[in-house]
Structure formats: C-alpha cells, structure tokens
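S.K.: Before anything else, here's the structure in question.
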Amino acid sequence: MKKQVYTYPITIKEVYLDLYGHVNNATYLTLFEEARWDLSNQNGYGVEKIKETGQGPVILEVTMRFLKELRLRDKINIETSVVSYEKKIGKLLQKMVRESEICCTAEFTIGLFDLKERKLIPPTPEWLKVIGYSVET
C-alpha cells in the first residue's frame, strides 16, 4: 500500500476551549471531522457528490488518545491517513500535531454507506482514491 498523508492546518480558537482553558474532549472529534470533510471536499466527494451517488462515509468506531493539551492560539496540523481497508471496513488514522509534538491521535473504523439500502457497501475505486488509499503494483 502506498500511504498518503493529508494535512489540514488549524489555529485553536476561543470557541474550542472549556473552563480549564484547553480544548474540550468533544471538540477534538469536531476538529477531526472538519479535517475529514476538507479532505473529502478537496478530492471532489462533498455533500453534492454524496447526494448524487447515494453513497457516503460513515464512522463505525473511534479510539482517541489525548497526549498533550491544546490551548488558545496553538497552531496545529491535523494529519489524516488510511491505515488499512479490508472488504467493507477501513481504518483511518488522524493526528493533531503541534510543531513535531503529537497532541492527540484518533483511529476511526470507517465504511462506505449506501443511503438508499441503508447498509455498508464495498468501497468504490473513486472512494478509495478520495481518501488516499492505493495499492502499489
């Protein structure tokens, strides 16, 4: 597999903070989702494409690790890459990185969902390309 890493830069803003002055745990999920939507849109698979095809991504499970706190005005990159994709199930890794320091990691179990049939389907070649998954030949 050829691994592609998509990078999404972001600055931590006031609205992301909790009473302790750092990013609230639930906000991490929102920021990771923002980066995934940007990846999808940048590669031509936004809401309009999902409506057109009737197929879209779905999150099945997530495991997060909070390693270092994120605070106001921290500049971070959210790195997204596919770890694996077997049959209908993929693993996507996201990291929040401040300079070279990993602050949070999240591994998402994902799939491609048929909106009409309401079930997981095998990933299409187009979807695999969108998320940067390719097999070297």
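S.K.: Sort out for me the strands (runs of 3 or more DSSP E) sitting completely within the stretch 60-137 that have 3 or more residues that are within 20 Å of Leu31 (Cβ to Cβ) and open to solvent by 20 Å² or more (accessible area, probe 1.4 Å).
M.R.: On the way: elements: 75-86, 89-98, 101-114, 119-121.
Passing ranges, in order: 75-86, 89-98, 101-114.
S.K.: Looking for something modelled with pLDDT of 95 or more, farther than 18 Å from Cys103 by Cβ and among the hydroxyl-bearing types (Ser, Thr, Tyr) - is there at least one such residue anywhere in the stretch 16-33?
M.R.: The answer is no, given that none of the residues of the stretch 16-33 is modelled with pLDDT of 95 or more, farther than 18 Å from Cys103 by Cβ and among the hydroxyl-bearing types (Ser, Thr, Tyr).
S.K.: Going by the conditions given, is Glu99 acidic (Asp, Glu) and at pLDDT 95 or above? Step through it out loud before you land on a result.
M.R.: Details: acidic (Asp, Glu): yes; at pLDDT 95 or above: yes.
It is true that Glu99 is acidic (Asp, Glu) and at pLDDT 95 or above.
S.K.: Could you list all residues from the stretch 8-57 that are part of a strand (DSSP E or B) and surrounded by 12 or more Cβ atoms within 10 Å (Cβ to Cβ)?
M.R.: Initial filter on the stretch 8-57 (part of a strand (DSSP E or B)): 8-11, 17, 22-23, 55-57.
Those that are part of a strand (DSSP E or B) and surrounded by 12 or more Cβ atoms within 10 Å (Cβ to Cβ): Tyr8, Ile10, Leu17, His22, Val23, Gln55, Gly56, Pro57.
The values are calculated or read from the model by the stated rules, or taken from the named source; none is laboratory data. Quick caveat: nothing in here was measured; it's all calculated off a predicted structure. In this analysis, Cβ positions are derived from the backbone assuming ideal geometry, glycine residues included, and neighbour counts consider all displayed protein chains. SASA here: full protein model, heavy atoms, side chains in, ligands and nucleic acids out. Shrake-Rupley method; radii C 1.70, N 1.55, O 1.52, S 1.80 Å.
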